[in-house]
Amino acid sequence: MIPFLDLRAQYRIIGPQLEHAVLDAMRECNFVLGDKVADFEAGFARYCGTGHTVALNSGTSALHLALLAAGIGPGDEVITVPTTFVATVAAILYAGATPVFVDVDPVTWTMDPTRIAEKVTSRTKAIVPVHLHGRLADMTSICAAARRFDLVVIEDAAQAHGAERDGVRAGAFGDIGCFSFYPGKNLGACGEGGAITTNRADLAAAVRSLRDWGQEGKYNHVRQGFNFRMDAIQGAVLGVKLPLLDDWNAARRRIANVYGRALSPLLTVPPGPIGLDHACHVYAVRVPDLDAVRAAVLEAGIATGIHYPCPVHLQPAYRWLGYGPGDLPQSEALARETLSLPLYPELSADGVDAVIAALSALTTEPLAQTA
Ligand SMILES: *Cc1c(COP(=O)(O)O)cnc(C)c1O
């Protein structure tokens with residue numbers, strides 16, 4: 001059986017280092033923020049090439065506080081995509097603003113920049129592109145649109161740690177970048193975690209205050225804040241893992257490119273060869289009969305995922321926003337057809353071959369019939 005994700009495989013390799021760092025943090029008894037978190041913040045800011053990182057308790061909090069720090073609130077509209085994890089949209093609503101959806105590009109599956117202008121109104125204040133699956137959105141075009149309409153750019157980089165284009169890394173393209181360190185992400189904590197990255201000192205200071213009850217100095221609450229601080233234990237864990245991230249991402253890309261070469265003649269794969277601009281958090285192929293293919297490869301011992309089975313605008317919780325089936329056709333087609341294959345740095349060559357064999361065995365018949 002090949003699991004979709006195998007966190008134990010990584011733990012087997014770096015477990016002793018993690019346990020040492022966690023024990024060290026425990027013995028310091030400085031359980032919230034503290035040196036371990038500050039050291040990680042400095043390291044992650046350097047890694048992303050941004051002047052500042054502020055560590056938080058989750059990626060959702062990162063998006064939420066990024067929006068608040070940028071002054072987004074009730075009455076404001078924020079442009080984003082429905083092909084994302086639900087947190088992107090929930091955070092916009094937490095800030096009191098209204099999400100406005102643009103469809104994704106059918107090839108890259110990230111925000112289609114040609115669709116931005118038609119959605120801009122006098123209320124539009126920000127754009128939140130999502131680097132879906134780890135592939136950088138078209139930040140050149142998105143930032144150009146933002147300049148044209150005077151919008152803040154908040155990157156949802158929760159799946160894209162370390163993705164880079166022309167020497168610029170995820171989290172450094174817009175005004176502020178948002179990361180998640182949920183355990184299954186490319187850089188994962190041993191629990192919940194998140195961070196923002198920015199080159200703007202004003203935004204960093206606002207997020208730093210918002211995460212800690214709006215304080216500026218002890219018990220001086222200058223704004224309504226939150227308890228969104230990172231634990232010392234997570235800072236210690238992330239400090240151990242950060243130096244390994246580039247090698248892990250390289251291993252992910254190698255596997256993705258093996259998948260791409262083997263599967264591209266048989267079904268629709270992400271455009272390749274995949275380079276540095278894709279962190280390969282998820283490798284998803286398009287198949288016409290998703291459920292049948294998923295069941296058949298499971299039969300062959302391969303677990304798969306679906307990211308995401310329903311675009312956010314059609315989720316029951318968000319139907320009140322007023323969107324319906326057919327409004328965002330590319331996103332809806334992707335939701336029906338994308339199947340995510342096992343992808344993690346420790347996945348063996350035999351495992352990769354088994355995935356390819358299982359899909360190849362199917363594609364000659366069932367896929368051709370339904371195509
Ligand atoms: C994981 C994720 C988030 C949320 O991060 P959490 O740490 O789980 O709160 C937001 N956006 C995207 C695209 C994600 O993948």
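The values are calculated or read from the model by the stated rules, or taken from the named source; none is laboratory data. These figures come from a predicted structure and were not determined experimentally. Don't worry about glycine lacking a Cβ; one is built from the backbone with ideal geometry, like all the others, and counts go over all protein chains shown. Remember, those area values only see protein heavy atoms, side chains included, never the ligands or the DNA or RNA. Shrake-Rupley method; radii C 1.70, N 1.55, O 1.52, S 1.80 Å.
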**Prompt:** Taking +1 at the Cβ of each Lys and Arg and -1 at the Cβ of each Asp and Glu, which of ALA349, ALA300, LEU23 sits farthest along the dipole of the chain towards its positive end, judged by Cα position relative to the Cα centre?
**Reply:** LEU23
**Request:** Could you order LYS241, LYS218 by accessible surface area, starting with the largest, using a probe radius of 1.4 Å?
**Result:** LYS218, LYS241
**Request:** Relative to the compact-globule scaling 2.2 N^0.38 Å, provide the ratio for the alpha-carbon radius of gyration of the range 96-143.
**Result:** 1.14
**Fill in**
As a percent rounded to 5, the proportion of antiparallel DSSP bridges among beta bridges in the range 79-215 is 40 percent
**Prompt:** Using heavy-atom solvent-accessible surface (probe 1.4 Å) with all chains present, what is the largest-first order of SER122, SER360, SER348?
**Reply:** SER122, SER348, SER360
**Asked** On average, how much accessible surface per residue is there in the chain, in Å², for a 1.4 Å probe, leaving out ligands, DNA and RNA?
**Response** 42 Å²
**Prompt:** Anyone know which of ASP112, ASP156, ASP166 comes out most mobile in the 10 Å Cα GNM of the chain?
**Reply:** ASP166
**Prompt:** Taking the DSSP beta bridges in the chain as the whole, what percent of them are antiparallel, to the nearest 5?
**Reply:** 60 percent
**Prompt:** Taking the simple approach of a point 7 Å from Cα along Cα-to-Cβ for both LEU23 and ALA333, what is their distance in nm?
**Reply:** 5.6 nm
**Asked** Quick one: net charge of LEU5's neighbours, Cβ under 15 Å, K/R +1, D/E -1?
**Response** +2
**Test item: Cα-centred dipole of the chain, Lys/Arg +1 and Asp/Glu -1 on Cβ, debye** = 460 debye
**Complete:** At 20 °C in a medium of viscosity 1.002 mPa s, the range 39-189 has a Stokes-Einstein diffusion coefficient, with Rh taken as the Kirkwood radius over alpha carbon pairs, in µm² per second, of 142 µm²/s
**Prompt:** Most mobile of ALA201, ALA232, ALA25 per a Gaussian network model of the chain (Cα springs, under 10 Å)?
**Reply:** ALA201
**Message:** Can you show me the helix-derived [θ] at 222 nm for the chain, built from DSSP H runs with n ≥ 4 at -39,500 (n - 2.57) apiece and divided by the number of residues, rounded to the nearest 500.
**Reply:** -12000 deg cm²/dmol
**Prompt:** So how long is each side of the chain along the principal axes, counting just the alpha-carbon atoms, biggest first, in Å?
**Reply:** 68, 54, 38
**Message:** Using Cα springs under 10 Å in a Gaussian network model of the chain, which residue among TRP320, TRP109, TRP248 shows the largest mean-square fluctuation?
**Reply:** TRP320
**Asked** Hey, if you put +1 on the Cβ of every Lys and Arg and -1 on every Asp and Glu Cβ in the range 1-155, which of PHE44, VAL86, ILE14 ends up farthest toward the positive end of that dipole?
**Response** VAL86
**Prompt:** What figure in square angstrom, to the nearest 10, would you give for the accessible area of ASP138 with a 1.4 Å probe?
**Reply:** 60 Å²
**Request:** Could I have the simple spin-label model distance between VAL258 and TRP320, label points 7 Å from Cα toward Cβ, reported in nm to one decimal?
**Result:** 4.8 nm
